[in-house]
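This report refers to the structure that appears directly beneath it.
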Amino acid sequence: MSHIRNLLLCFLFLVINPVYAQDSPDILQIYDQFVTSSAAASRCIKPDKETLNHFLANFQMVSIYASQELIKRYPERTKEQIASAMKNRNDAITQKIFELVREKGCDNPNIQQVVKRFFVQAKWQPGK
């Protein structure tokens, strides 16, 4: 089972890595940014319920669009494979951020920048 999980994680890395050469972020990069800010915020702040709800609603929308993009790029993969790969990517990013917060602390300027992005993503109103 671990072998399959690692294979799916590698698949997602392969899918996302070519995207970074683009000029503007695509939905997969935006997804990574939401995962990153969510992880940092969960360790460093206690947002009010309204802010958290707005963030989670936007994160859910981004997750759906990221999943649709992966399905479009890899039609031979099942929805379950895509969902599993996204979960593995989410877990890997989250663990890395947790490690960075543990090493550098919440007061680190880079961590603070990621936490600020959480609030920007919570206020984001797509389409406006």
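Please go through segment 71-81 and give me each residue that is among the polar types (S, T, N, Q) and either surrounded by 16 or more Cβ atoms within 10 Å (Cβ to Cβ) or part of a helix (DSSP H, G or I) (or both), ordered by number.
Selection gives Gln81 alone.
In segment 56-85, what residues are closer than 13 Å to Ile30 by Cα and in contact (Cβ under 8 Å) with a residue 60 or more places away in the chain?
Those that are closer than 13 Å to Ile30 by Cα and in contact (Cβ under 8 Å) with a residue 60 or more places away in the chain: Asn58, Phe59, Met61.
Out of segment 85-97, which residues are over 20 Å from Ala66 (Cα atoms) and open to solvent by less than 30 Å² (accessible area, probe 1.4 Å)?
Of everything in segment 85-97, just one residue is over 20 Å from Ala66 (Cα atoms) and open to solvent by less than 30 Å² (accessible area, probe 1.4 Å), namely Ile97.
Any residue in segment 107-123 that is under 13 Å from Tyr31 (Cβ atoms) and not charged (D, E, K, R)?
Yes, the conditions are met somewhere in segment 107-123.
What do you reckon, is Asp48 at pLDDT 95 or above, surrounded by fewer than 16 Cβ atoms within 10 Å (Cβ to Cβ) and under 21 Å from Ala122 (Cβ atoms)?
yes
Yes/no matrix, rows are residues, columns are (1) open to solvent by less than 50 Å² (accessible area, probe 1.4 Å); (2) at pLDDT below 95; (3) of a type outside the set (Val, Ile, Thr):
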{"position": "Asn58", "(1), (2), (3)": "yes, no, yes"}
{"position": "Val62", "(1), (2), (3)": "yes, no, no"}
{"position": "Glu69", "(1), (2), (3)": "yes, no, yes"}
{"position": "Ala83", "(1), (2), (3)": "no, no, yes"}
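For the structure I just gave you, tell me whether Ile111 is surrounded by 15 or more Cβ atoms within 10 Å (Cβ to Cβ) and touching a Gly at 6+ places or on another chain (Cβ under 8 Å).
For Ile111, the condition - surrounded by 15 or more Cβ atoms within 10 Å (Cβ to Cβ) and touching a Gly at 6+ places or on another chain (Cβ under 8 Å) - is met.
The values are calculated or read from the model by the stated rules, or taken from the named source; none is laboratory data. Model, not experiment: these values are computed from the prediction. Using ideal geometry, Cβ is built from the backbone for each residue, glycine included, and neighbour counts are taken over all protein chains shown. Accessible surface is based on the protein model in full, side chains and every heavy atom, while ligands, DNA and RNA are left aside. Shrake-Rupley method; radii C 1.70, N 1.55, O 1.52, S 1.80 Å.
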